[in-house]
Amino acid sequence: MKNIVVILGCVAMLLSACGKDDTKEKNVAAKADNSISAAAIDEDVNENEPEVNVYEDEFTKKVGGDAQIFAREFNKLSEPQQYYFCAAFAMGAMSVSKPITASAMVNYFLGLGANKYKIGINDDTYMAFNAGKNSFLHEELVNEILQDKICERLINEATDYAVETKKNVADLDKLGQVEVEKVVKYIQQE
């Protein structure tokens, strides 16, 4: 019974983070902030800060921020690749709104994927995971994923699988720790 309560709590956190449509609120806020000139922004930039390197992956380069191309390319991914894309996307979305929740869910999401699909992080699934992480480089993609509830649907299906098969959250977290270590190794290779 405790496991079901914990899983339902995780689902509630996930739904509260991923199910919101804040795009209208963000657009209104962005329009209000347009009064700040580009020159004023440039003056605020600290020249001593290190330059951030962004490593855009082949998937997001191919999609180029186009929602229609994204839909076509996303459908070409295998089920595990789609899941890992969405796991990274969900964690990215949560890290913006609820960083503590996102860090707590990393092991769970990756462990759930490894358990459900019997495939952990490898070259193919990391490519999709990385693309999910990099999707935030393109606002149009983020909006498309949120509006069509692409990742929300896949994450909910995986969570339903965990509930129906009575997976232990602690076991999924432990399995996810191994997958997180694999992700870290891939990131270090970039």
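The values are calculated or read from the model by the stated rules, or taken from the named source; none is laboratory data. Please read these numbers as outputs of a predicted model, since none were measured by experiment. In this analysis, Cβ positions are derived from the backbone assuming ideal geometry, glycine residues included, and neighbour counts consider all displayed protein chains.
Remarks
- Number of the exception - Arg153 against (1) surrounded by fewer than 14 Cβ atoms within 10 Å (Cβ to Cβ); (2) within 13 Å of Tyr108 (Cα to Cα); (3) among the charged types (D, E, K, R): (2)
- Among all residues of the stretch 9-28, there is none that is modelled with pLDDT of 90 or more, assigned to a helix (DSSP H, G or I) and under 16 Å from the mean Cα position of the chain (by Cα).
- Residue in the stretch 60-80 that is nearest to Gly113 (Cα to Cα), counting only those that are polar (S, T, N, Q) and surrounded by 13 or more Cβ atoms within 10 Å (Cβ to Cβ): Ser78
- Matching option when the condition is at pLDDT 95 or above, part of a helix (DSSP H, G or I) and among the polar types (S, T, N, Q), among Gln82, Gln68: Gln82
A quick yes/no check of all residues on (1) part of a helix (DSSP H, G or I); (2) aromatic (Phe, Trp, Tyr); (3) more than 25 Å from Val63 (Cβ to Cβ); (4) within 13 Å of the chain's Cα centre (by Cα):
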{"site": "Phe109", "(1), (2), (3), (4)": "yes, yes, no, yes"}
{"site": "Asn130", "(1), (2), (3), (4)": "yes, no, no, yes"}
{"site": "Leu154", "(1), (2), (3), (4)": "yes, no, no, yes"}
{"site": "Lys166", "(1), (2), (3), (4)": "no, no, yes, no"}
{"site": "Ala170", "(1), (2), (3), (4)": "yes, no, yes, no"}
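- Test: residue in the stretch 31-48 that is over 23 Å from Lys118 (Cα atoms), modelled with pLDDT of 50 or more and surrounded by 14 or more Cβ atoms within 10 Å (Cβ to Cβ): no
- If you go through the stretch 94-120 and pick out every residue that is crowded, with 18+ Cβ neighbours inside 10 Å and over 16 Å from Asn130 (Cβ atoms), you end up with 11.
- Cβ separations smaller than 7 Å between residues 6+ apart or across chains give the following pairs from the stretch 154-181 residues that are farther than 17 Å from Ile121 by Cβ and without any contact (Cβ under 8 Å) to a residue 60 or more places away in the chain to residues that are of a type outside the set (S, T, N, Q) and assigned to a helix (DSSP H, G or I): Tyr161/Lys116.
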